[in-house]
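Beneath this line is the structure, given in structure tokens, with notes to follow.
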Amino acid sequence: MTPHEKKSGKRVEPADGGWTDAEKAAMKERAAEVRKAASRGSGKQKAAADAQDVLDVIATMSQPDREIAERIHAIVTTEAPHLAPRLWYGMPAYALKGKVLCFYLSAEKEKERYGTLGFNAVATLDDGTMWPTSFALTAMTDEHAALITKLIKKAAARP
């Protein structure tokens, strides 16, 4: 991270147009996740280890990110138990048939004022020709949990 990024918390484009230090770190983190997953093989042991990785990352988050991530995890594992918890760029994610369906990006890690619940293209949230695919969260209320539950059920619906 450059001195300016540390001070402002904002993303700064490198003068050469290349990757920022934060982007390079994210790529290295993702590469490490892929290597770790490959070394685990497959099956129930891998699934359990992946789920534990998600819980471990959530446990290291500061508030309110931890509370938000814990509630999202509880919603996903209850309402869509067929989704596989795993890390994605160091953050909690939930995959359907190997493809990340939804994820939570902590405010702290992203150096933003809000965390993000996001959905990828595999999510079945289609609503006409335009629909939201990410949501900013600064806290988790019961109203938010109800909406997230509805979104997860729709996104993870099996055809």
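The values are calculated or read from the model by the stated rules, or taken from the named source; none is laboratory data. From a predicted model like this one, the values you see are computed outputs, not experimental measurements. FYI the Cβ positions are ideal-geometry reconstructions off the backbone, even for glycines, and counts take in every protein chain you see. Side chains included, ligands, DNA and RNA excluded: accessible areas come from the protein's heavy atoms. Shrake-Rupley method; radii C 1.70, N 1.55, O 1.52, S 1.80 Å.
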Taking segment 106-157 as the search range and keeping residues that are within 21 Å of MET91 (Cα to Cα), of a type in the set (Asp, Glu) and assigned to a helix (DSSP H, G or I), which one is most open to solvent (accessible area, probe 1.4 Å)? GLU108
Of all the residues that make up segment 83-101, how many are under 14 Å from VAL122 (Cα atoms) and in contact with a Leu (Cβ under 8 Å, 6 or more places away or on another chain)? 7
Which members of segment 36-66 meet the condition of being crowded, with 16+ Cβ neighbours inside 10 Å, under 24 Å from GLY115 (Cα atoms) and touching a residue at least 40 places away in the same chain (Cβ under 8 Å)? MET61, PRO64, ASP65
Checklist (1) open to solvent by less than 60 Å² (accessible area, probe 1.4 Å); (2) at pLDDT 95 or above applied to PRO81, failing item: (1)
Since ALA156 meets every condition but one in (1) under 17 Å from GLN52 (Cα atoms); (2) hydrophobic (A, V, I, L, M, F, W, C); (3) in contact with a Leu (Cβ under 6 Å, 6 or more places away or on another chain), which condition does it not meet? (1)
Taking segment 75-92, which residues are over 14 Å from LEU117 (Cα atoms) and more than 11 Å from the chain's Cα centre (by Cα)? THR77, THR78, GLU79, ALA80, PRO81, HIS82, LEU83, ALA84
Right, ILE58: of a type in the set (Val, Ile, Thr) and closer than 19 Å to LEU151 by Cα or not? no
Cβ pairs under 9 Å, 6+ apart or interchain, first in segment 141-152 and over 15 Å from THR116 (Cβ atoms), second in a helix (DSSP H, G or I) and among the small types (Gly, Ala, Ser), ordered by first then second residue, are ALA145/ALA74
